[in-house]
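Below: one structure, written as structure tokens.
The values are calculated or read from the model by the stated rules, or taken from the named source; none is laboratory data. Bear in mind the structure is a predicted one, so any value in this text is a computation, not a measurement. Using ideal geometry, Cβ is built from the backbone for each residue, glycine included, and neighbour counts are taken over all protein chains shown.
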Amino acid sequence: MNVPATTLRQSDTIKDDETLGVLYKGESMFFITDDLRVTKGFPGDLVRILLDQGIKNTSRIEEKVVGIGSKEMTDLLVHSLISKTTLSDVFLRKQGVRRSNPMFDKQFSFIPPNKKKSTEKCGKTSVKMVLRKSDRKIVLVEAGENFVDLLFSFLTFPLESVLELVIRAKDNLTLGYISNLFRDLNTIFSVSNQKDWEKGVLPPFYSCPNEFPNIRSQDPPEFHYCYSLAFVNRSSREASTVNKPLDPKSPKPSTTNSSGYVEKNSFVVTDELVVKPLSLVSSIFLLKELEISFDDVEQKVISIGEVEAIALLGASLWSSSALSASLNSFAKKPKQEPL
């Protein structure tokens, strides 16, 4: 049975250095299980881990030393979002990153939030879903710039903020086994209790969608240009002018976080989160490419608020059909509309 339990040995000292943002003080050793549970390196914890895996005979235990480089770190990050056996996949089976695997969708089926809660939010963005009636797959979504800005903003969120939003949302939202790592991080290191641990703060001019009220962008810094003024009576005085950076995304010079990532337009978003400008030709071509007949297609308009956005954020990380996995549950029995 391959059930790795990785240890961080005492030679890998974790020192208390406030300038580096280190979370744990002193020399320490930890056990990390295949499902990314982290415990302190006490002998009793190791015995419990082995017994939980049904290992009672020490002859079944084999120790291996593995090297961890940038490739392994990347594979660990990806598999922590989609795999039930993260360490085994990366170090024993040597599985690289896969772009799509239907097994992942089945392993981590999305548990939708309460629909009633999702309809009680205000200030929503409406989108039109085009569904395949035979299997309820969302073929594409027709949306404006607000929805596309929401999708692009996912790329700016720190992973810690994503976990905070998705894992701590109600109705048992999950995000692979990295959720175990996140919970143990808070338990062992008390990250959530640290006063200087800022969550959900993006650099200046990063767009913050209304659907995530706890995500905010820093105010732009101020630069002061200092100079001296000389007068004819040979007197002088110091003066300064305040200069603020301009938002590079804004079509008009602006010093505030006012601009999104795309210009005002209509777009088509596929189930795989491919964004294209809206056109009748591209929509018909997509239906033809997927071999979908017109009589197997229907439309549904839904609103995107905080609950739907969190569901979409989680699904975008682990599912190859992010729209279907996250938004299908919010649609009531569809009312058929002609295309």
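Hey, can you tell me all the residues within segment 302-333 that are of a type outside the set (D, E, K, R), surrounded by fewer than 18 Cβ atoms within 10 Å (Cβ to Cβ) and out of contact with any helix residue (DSSP H, G or I) (no Cβ under 8 Å at 6 or more places or on another chain)?
Once the filter is applied, which keeps residues that are of a type outside the set (D, E, K, R), surrounded by fewer than 18 Cβ atoms within 10 Å (Cβ to Cβ) and out of contact with any helix residue (DSSP H, G or I) (no Cβ under 8 Å at 6 or more places or on another chain), segment 302-333 yields only 331.
Could you please find all residues in segment 64-93 being in a helix (DSSP H, G or I) and among the aliphatic types (A, V, I, L, M)?
Correct list: 73, 76, 77, 78, 81, 82, 87, 90, 92.
Could you please find all residues in segment 77-94 being surrounded by fewer than 19 Cβ atoms within 10 Å (Cβ to Cβ) and either closer than 21 Å to residue 315 by Cβ or touching a Cys at 6+ places or on another chain (Cβ under 7 Å) (or both)?
Listed by number, the residues that qualify are 77, 84.
For segment 280-295, indicate whether the set of residues that are modelled with pLDDT of 85 or more, surrounded by fewer than 18 Cβ atoms within 10 Å (Cβ to Cβ) and not charged (D, E, K, R) is non-empty.
Within segment 280-295, not a single residue is modelled with pLDDT of 85 or more, surrounded by fewer than 18 Cβ atoms within 10 Å (Cβ to Cβ) and not charged (D, E, K, R).
What number of residues within segment 137-188 are at pLDDT 85 or above and aromatic (Phe, Trp, Tyr)? Explain how you work it out, then say what you get.
Filtering segment 137-188 down to residues at pLDDT 85 or above leaves 137-157.
Subset that is aromatic (Phe, Trp, Tyr): 147, 152, 154, 157.
Looking only at that region, the number is 4.
Pull up segment 277-311, narrow it to residues that are of a type in the set (Ser, Thr, Tyr) and assigned to a helix (DSSP H, G or I), then point me to the one that is farthest from residue 139 (Cα to Cα).
282
Out of all the residues in segment 232-242, is one or more loosely packed, with under 11 Cβ neighbours inside 10 Å, modelled with pLDDT of 80 or more, over 24 Å from residue 210 (Cβ atoms) and among the basic types (Lys, Arg)?
Yes, because at least one residue in segment 232-242 is loosely packed, with under 11 Cβ neighbours inside 10 Å, modelled with pLDDT of 80 or more, over 24 Å from residue 210 (Cβ atoms) and among the basic types (Lys, Arg).
For segment 48-63, what are the residues that are outside any loop (DSSP other than H, G, I, E, B) and surrounded by 12 or more Cβ atoms within 10 Å (Cβ to Cβ)?
48, 49, 50, 60
What are the pairs with Cβ atoms under 7 angstrom where one residue, in segment 46-65, is touching a residue at least 40 places away in the same chain (Cβ under 8 Å) and the other, located anywhere, is of a type in the set (Ser, Thr, Tyr)? Sequence gap at least six, or different chains.
49/33
Restricting the search to segment 243-261, which residues are touching a strand residue (DSSP E or B) at 6+ places or on another chain (Cβ under 7 Å) and either modelled with pLDDT of 80 or more or farther than 22 Å from residue 205 by Cα (or both)?
Within segment 243-261, just 243 meets the criteria.
For residue 274, work out the one condition from (1) modelled with pLDDT of 80 or more; (2) under 24 Å from the mean Cα position of the chain (by Cα); (3) surrounded by 17 or more Cβ atoms within 10 Å (Cβ to Cβ) it doesn't fulfil.
The one condition residue 274 does not meet is (3).
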